[in-house]
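S.K.: Pasting in a structure now, in structure tokens, and then I'll have a few things to ask.
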Amino acid sequence: MQIQFLCEKHADWVYSHPEHALHVMARDEMQGSLMMHSGQYSNAVPYLGCAYDIAVILLEVDGGENTAMAHKIKCLSAMLEEIYYYLRLPQHRNAIVDRTHTVIDASSSAVKHSKSITFRV
């Protein structure tokens, strides 16, 4: 199972507007986090998921070298994992864990080899 939150149009926008996308990511993370902590798990997923996809794209734009963005991806992944646990969606939970490992491993590999990378969004 692959898990993705942004449509192609919005993903392209993030590539074209990375600085503005950083603000959108922070806004979505905050909104999703508030919903999550108030028990609105289903409503939190789209916000945290979009923030997650934006973070993945921004890490790619930075060539995989932005350790703060890699950390952000891990934090957003942990929140999504928790939500999927409470929603009893183990396949979704496993999918976000797998995707996070793939993204972080690709980032680490790219930094070691100083090559451009492409993440699965």
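S.K.: Any residue in segment 1-25 that is closer than 11 Å to Ile54 by Cα sitting within a Cβ distance under 7 Å of a residue that is hydrophobic (A, V, I, L, M, F, W, C) and at pLDDT below 95? List the pairs, counting only those 6 or more apart or interchain.
M.R.: Listed by first residue and then by second, the contacts come to Gln4/Val121; Leu6/Val121; Ala11/Val121; Tyr15/Val61; Pro18/Val61.
S.K.: Among the residues of segment 1-38, write down those that are of a type in the set (A, V, I, L, M) and open to solvent by 70 Å² or more (accessible area, probe 1.4 Å).
M.R.: Met1, Leu22, Met30, Leu34 - these are the residues of segment 1-38 that are of a type in the set (A, V, I, L, M) and open to solvent by 70 Å² or more (accessible area, probe 1.4 Å).
Matching residues to (1) within 14 Å of the chain's Cα centre (by Cα); (2) of a type in the set (Phe, Trp, Tyr); (3) under 15 Å from Gln4 (Cα atoms); (4) assigned to a helix (DSSP H, G or I):
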| residue | (1), (2), (3), (4) |
| --- | --- |
| Met30 | yes, no, no, yes |
| Met36 | no, no, no, yes |
| Tyr47 | yes, yes, yes, yes |
| Asp53 | yes, no, yes, yes |
| Ala68 | yes, no, no, yes |
| Lys74 | yes, no, no, yes |
| Ala78 | yes, no, no, yes |
| Ala95 | yes, no, yes, yes |
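S.K.: Checking Asn43 against (1) part of a loop (DSSP other than H, G, I, E, B); (2) at pLDDT 95 or above; (3) open to solvent by 80 Å² or more (accessible area, probe 1.4 Å), only one condition comes out false. Which one?
M.R.: (1)
S.K.: Continuing with the same structure: For segment 80-92, how many residues are more than 10 Å from the chain's Cα centre (by Cα), in a helix (DSSP H, G or I) and either closer than 16 Å to Ala26 by Cα or in contact (Cβ under 8 Å) with a residue 40 or more places away in the chain (or both)?
M.R.: 5
S.K.: Out of everything in segment 55-66 that is modelled with pLDDT under 95 and assigned to a helix (DSSP H, G or I), what residue ends up being most open to solvent (accessible area, probe 1.4 Å)?
M.R.: Residue satisfying both the conditions and the ranking: Val61.
S.K.: Going through segment 90-109 one residue at a time, which ones are in contact with a helix residue (DSSP H, G or I) (Cβ under 9 Å, 6 or more places away or on another chain) and open to solvent by less than 60 Å² (accessible area, probe 1.4 Å)?
M.R.: His92, Ala95, Ile96, Val97, Arg99, Thr100, Val103, Ile104, Ala106, Ser107, Ser108
The values are calculated or read from the model by the stated rules, or taken from the named source; none is laboratory data. Nothing here was measured: the structure is a model prediction, and the numbers come from that model. No Cβ is skipped: glycine too gets one built from the backbone with ideal geometry, and neighbour counts run over all protein chains shown. Heads up: the accessible areas ignore ligands, DNA and RNA and are worked out on the full protein's heavy atoms, side chains in. Shrake-Rupley method; radii C 1.70, N 1.55, O 1.52, S 1.80 Å.
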